[in-house]
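Since the structure comes first, as structure tokens, the remarks are kept for the end.
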Ligand code: AMP
């Protein structure tokens, strides 16, 4: 059922509690915390501008990092309030708490179009526990509720679910913000009846992370292209040799079941015909996290089996070419997960070739939807982020939504 949109709200003079995703990266510089990427703040401006235009009194709530229920000064949202004020070109009030007397006073003094940002909701353990009393405290300042934090919508936390439920019980409306609305449109509605051919590209590390998505999309897609380490579990399942590649030997049955379903439904299911492999050599060094650092020698492309001492890190050039051909013929494209270990540029070529094909197909009229996480990073790294139809802002939330799961933060919103 379609959810109410922030566009539908009559918000003049009302206090609107807006859950946003301000989980921005911060770095300490000269004793101050500095925001190193403000994308997430910028992405809320559209919704905030609309609410200002509507005369709402805006109360923003968000989490930052994982303070685990403690006040953690390095995870304060104060720098976000300052940055937001610059970006939106008006004052943004900040209270160093998200519940209590100070919040009530400041929220009570807001005039139409004013903005207040509350402190990190996760400074309270009750946030993640979705504690009803804590949610009721948050809801004290809320006449209406808007959720624009798609990336946190798969969690039933107090600020993403509990507050909405309380506002709704009081007869208040709960709506999707503009960013959330776009996520629901592209990851949801647009994929219900996609223009065909509908090509799905899935990569990443593990079959177990993506199997529910594969299973659901096998009912909708015309073609599924598989890359990333995930492909090696399929290869193993088919009796191939995968050397030291990242695999899940206990998931070969799952892989075979997916292949059988594809065959039964007439879905073209392509696996890499060639792979870029290398032999990992322990350097004896450890990284910042204490993990051993490997060097890679004997880089080459092989067809067929991967030798015992080697590991597969990317799809080969032949596979990339074949996948590109299929992608360029698509009318709808959904991509989730890189084709290889793209963080190392020696193994990024497959992902980059696929990214270029997706951009080209989009230019020629296809709708391309990037399902969040590392594929978004890879596209941005390739400089093609603005050449696709839609890039999801969610990681885990996108994946769960694509699996067909009901996200608690979405379920809590009012139906249209
Ligand atoms: P995911 O979060 O499941 O989309 O997985 C993304 C991660 O999978 C990235 O960090 C990639 O480096 C990693 N990855 C993809 N292919 C491989 C591979 N062949 N070997 C090791 N890691 C890989």
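The values are calculated or read from the model by the stated rules, or taken from the named source; none is laboratory data. Just so we're clear, the structure is a prediction, and the values are computed from it rather than from any experiment. Reconstructed Cβ throughout: ideal geometry from the backbone, glycine too, with neighbour counts over all protein chains shown.
In the set (1) away from the ligand (no atom under 13 Å from the Cβ); (2) under 19 Å from residue 378 (Cα atoms); (3) assigned to a loop (DSSP other than H, G, I, E, B), the condition left unmet by residue 334 is number (3). For region 151-167, name all the residues that are more than 22 Å from residue 400 (Cβ to Cβ) and touching a residue at least 40 places away in the same chain (Cβ under 8 Å). Within region 151-167, just 167 meets the criteria. For residue 169, the criteria (1) more than 27 Å from the chain's Cα centre (by Cα); (2) under 22 Å from residue 32 (Cβ atoms) hold in every case but one, which is (2).
May I ask you to verify whether residue 206 is over 30 Å from residue 61 (Cβ atoms), buried (at least 20 other Cβ atoms within 10 Å of the Cβ) and either within 12 Å of the ligand (Cβ to nearest atom) or without any contact (Cβ under 8 Å) to a residue 40 or more places away in the chain (or both)? The answer is no for residue 206. Taking region 368-397 as the range and being within 12 Å of the ligand (Cβ to nearest atom), touching a helix residue (DSSP H, G or I) at 6+ places or on another chain (Cβ under 6 Å) and more than 19 Å from residue 350 (Cβ to Cβ) as the test, only 372 passes. Checked against the criteria, residue 196 counts as over 30 Å from residue 16 (Cα atoms), over 24 Å from the mean Cα position of the chain (by Cα) and surrounded by fewer than 22 Cβ atoms within 10 Å (Cβ to Cβ). The criterion of being at positive phi and surrounded by 13 or more Cβ atoms within 10 Å (Cβ to Cβ) does not hold for residue 31.
Scanning region 234-256 for residues that are assigned to a helix (DSSP H, G or I) and surrounded by 15 or more Cβ atoms within 10 Å (Cβ to Cβ) yields 234, 235, 236, 237, 251, 252, 254, 255. With the structure loaded, tell me whether residue 295 is away from the ligand (no atom under 13 Å from the Cβ) and part of a strand (DSSP E or B) or whether it fails that test. The answer is yes for residue 295.
Could you check, for region 279-293, whether at least one of its residues is under 14 Å from residue 233 (Cα atoms) and exposed (fewer than 13 other Cβ atoms within 10 Å of the Cβ)? No - not one qualifying residue is present in region 279-293. Which residues, counting only those in region 316-331, are under 15 Å from residue 199 (Cβ atoms) and within 16 Å of the ligand (Cβ to nearest atom)? Correct list: 319, 320, 323.
For region 243-257, the candidate set comprises residues that are touching a residue at least 24 places away in the same chain (Cβ under 8 Å) and more than 19 Å from residue 275 (Cα to Cα); within that set, the residue that is nearest to the ligand (Cβ to nearest atom) is 251. Does residue 88 satisfy the condition of being closer than 18 Å to residue 37 by Cβ, in contact (Cβ under 8 Å) with a residue 40 or more places away in the chain, in contact with a strand residue (DSSP E or B) (Cβ under 9 Å, 6 or more places away or on another chain) and surrounded by 17 or more Cβ atoms within 10 Å (Cβ to Cβ)? Yes; evaluated as a whole, the condition is true for this residue. Could we say that residue 110 is touching a helix residue (DSSP H, G or I) at 6+ places or on another chain (Cβ under 7 Å) and either within 27 Å of residue 393 (Cα to Cα) or surrounded by fewer than 22 Cβ atoms within 10 Å (Cβ to Cβ) (or both) here? Spelling it out, it is not the case that residue 110 is touching a helix residue (DSSP H, G or I) at 6+ places or on another chain (Cβ under 7 Å) and either within 27 Å of residue 393 (Cα to Cα) or surrounded by fewer than 22 Cβ atoms within 10 Å (Cβ to Cβ) (or both).
Each residue in region 389-415 was checked for being touching a strand residue (DSSP E or B) at 6+ places or on another chain (Cβ under 8 Å) and either touching a residue at least 40 places away in the same chain (Cβ under 8 Å) or under 29 Å from residue 168 (Cβ atoms) (or both), and 12 of them qualify.
Set side by side, the residues 260, 231 differ, and just one is within 12 Å of the ligand (Cβ to nearest atom), modelled with pLDDT of 95 or more and either within 21 Å of residue 335 (Cβ to Cβ) or not in a strand (DSSP E or B) (or both), which is 231. Here is a check on your reading of the model: is residue 313 modelled with pLDDT under 95, within 14 Å of the ligand (Cβ to nearest atom) and not in a helix (DSSP H, G or I)? Judged against the criteria, residue 313 is not a match.
Checking each residue in region 263-278 for being in a loop (DSSP other than H, G, I, E, B) and surrounded by 10 or more Cβ atoms within 10 Å (Cβ to Cβ) picks out 267, 271, 272, 273.
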